[in-house]
Amino acid sequence: MNTQLAPTYQYMFGDFWVFWFSSSNRYSVVEASLKTLLDTYLSSYSTEQFKSSLLTQKLSDDPEVIQQQLEAYLTTCNTPEETHGVSSDVAIDVSKRHILKTYALGNKHFRIYYDSELVLKTIHPAMAHLETKDQLDLAMVFDLYLHNDQLHLFKNRRLIKRVAKRKYHLIQGKFVMELICQLHDKTEDHWIGTFHGSAISDSKSAILFVGNSGSGKSTLCTLLMAYGYELLADDVTPLLAADNELYRNPLAVSLKEGAFGLLEAEFDDFKDLPEILFNRQKGRLKYLPGKAPHKSHYPCRAIVKVNYQSKSSTLLEEISVKTILETFIPDSWLSPDPKHAKQFLEWLSQQQFYQLTYSDTTSAIKTLSNVFESAERH
């Protein structure tokens, strides 16, 4: 059979197996029953031998159908997702330099030229607290503008990302990666990945919070800040290969209008933060910067899926790796390097997976404090 379609790495997590396919940089979570079928398929010398093996297992489905399904599954897993490369010889249009902002990242300064107020809203609000009037030596100069319904991001006059304007989040992700690399003196190939999640620390270790849009993830992390916990990263959290630890992302927390009243009671200056309306789907937002954590990186002890439900009691329950990966993998960036993929799976195997369902924030925070304390004991 076509063993070239076999997963490169296979890791067992409880009742599930996680596969990684090097040809596509895809992760797939399957149940043990499917793993057994795949092993039988890949170890068979011929189609006839595979079908004969299935007959001995007394399966209800037709062997021919099972074979077709397995072949389709493996083909899909080995097919790279569509990507659009950028041509480095695309010339920059400096006539679009209408708005200039300069930012300070520690002792490093960088500049961004925007072509409009709308384009400025894709990046600047989360970085407004880093803005400076100093005109020192610049580590980087970016240009971000819209041309032919596509957002173009240049670094030092070289195009590094171009996407359709509706996919502006991909521009945001690429820029955050550049920012993180600059902050920590790394390059992109030093990272295992950047997770779509937020990280909170108790100055000893960190918890990674994941969740779908509107799940209350950012609001909960902000409330934890009010209770003395440190914000390590919001929305984009990087994992470094050298030490398997989560690192700081200095951007501010993005908070939706529904949380404004709650947060005004916790942060004296919250009501004075400007409201940003980027599009109708997101509604009005405020960006709250966190204080710099004591350290720039911490080991992760648990991954918590946040699930806010009105009028629910607080419930922390263990969940499967399948639920966790299906929540944060789609919007995360993970390195295609086989060494990093193996590290990611090993790192994942060391984590505890939980879902926190809550409506009362005080009870939720107390529950999470117990998670931190338990992590320290282990």
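Things worth noting here:
- Working from label points 7 Å from Cα in the Cα-to-Cβ sense, the Leu136 to Ser205 distance is 3.7 nm.
- Between the helical axis of 168-184 and the longest alpha-carbon principal axis of the chain there is an angle of about 80 degrees.
- Just checking the listed ones, Leu232, Leu255, Leu277: in the Gaussian network model of the chain with Cα springs under 10 Å, the one fluctuating most is Leu277.
- Once the 1.4 Å probe is applied to the protein heavy atoms, segment 122-216 comes out at 43 Å² accessible per residue.
- The angle between the Cα long axis of helix 361-377 and the longest principal axis of the Cα atoms of the chain comes to about 60 degrees, rounded to the nearest 10.
- Cα-derived Rg to Rh of the chain, Kirkwood definition: 1.01
- Over the C-alpha trace of segment 160-271, radius of gyration and Dmax come out as 14.9, 42 angstrom.
- Here is the list for segment 9-113: chymotrypsin sites (Phe, Trp or Tyr not before Pro) lying in DSSP coil, each with at most 11 other C-beta atoms within 10 angstrom of its C-beta, are Tyr45.
- Within a Gaussian network of the chain (alpha carbon springs, distance under 10 Å), most fluctuating of Thr76, Thr36, Thr357: Thr36
- Violating pairs (Cα-Cα greater than 21 angstrom) within the set Lys121/Lys256; Lys108/Lys282; Lys167/Lys305: Lys108/Lys282; Lys167/Lys305
- Loop chymotrypsin sites (Phe, Trp or Tyr not before Pro), segment 204-254, which have at most 15 other Cβ atoms in a 10 Å radius of their Cβ (DSSP): Tyr227
- Using a Gaussian network model of the chain in which every pair of alpha carbons under 10 angstrom is joined by a spring, one finds that among Leu251, Leu348, Leu37 the greatest mean-square fluctuation is at Leu37.
- Accessible surface of segment 157-269, 1.4 Å probe, proportion on carbon and sulfur as whole %: 43 percent
- Exposure rule at most 10 other beta-carbon atoms within 10 Å, DSSP loop trypsin sites (Lys or Arg not before Pro): the chain longest free segment: 134-279
- A Förster radius of 30 Å combined with the Cβ-Cβ distance from Arg111 to Gln281 puts the calculated FRET efficiency at roughly 0.50.
The values are calculated or read from the model by the stated rules, or taken from the named source; none is laboratory data. On a predicted model such as this, the values are computed, not experimentally measured, just so you know. Heads up, the Cβs are rebuilt from the backbone with ideal geometry, glycines too, and the neighbour counts pull from every protein chain shown. Side chains included, ligands, DNA and RNA excluded: accessible areas come from the protein's heavy atoms. Shrake-Rupley method; radii C 1.70, N 1.55, O 1.52, S 1.80 Å.
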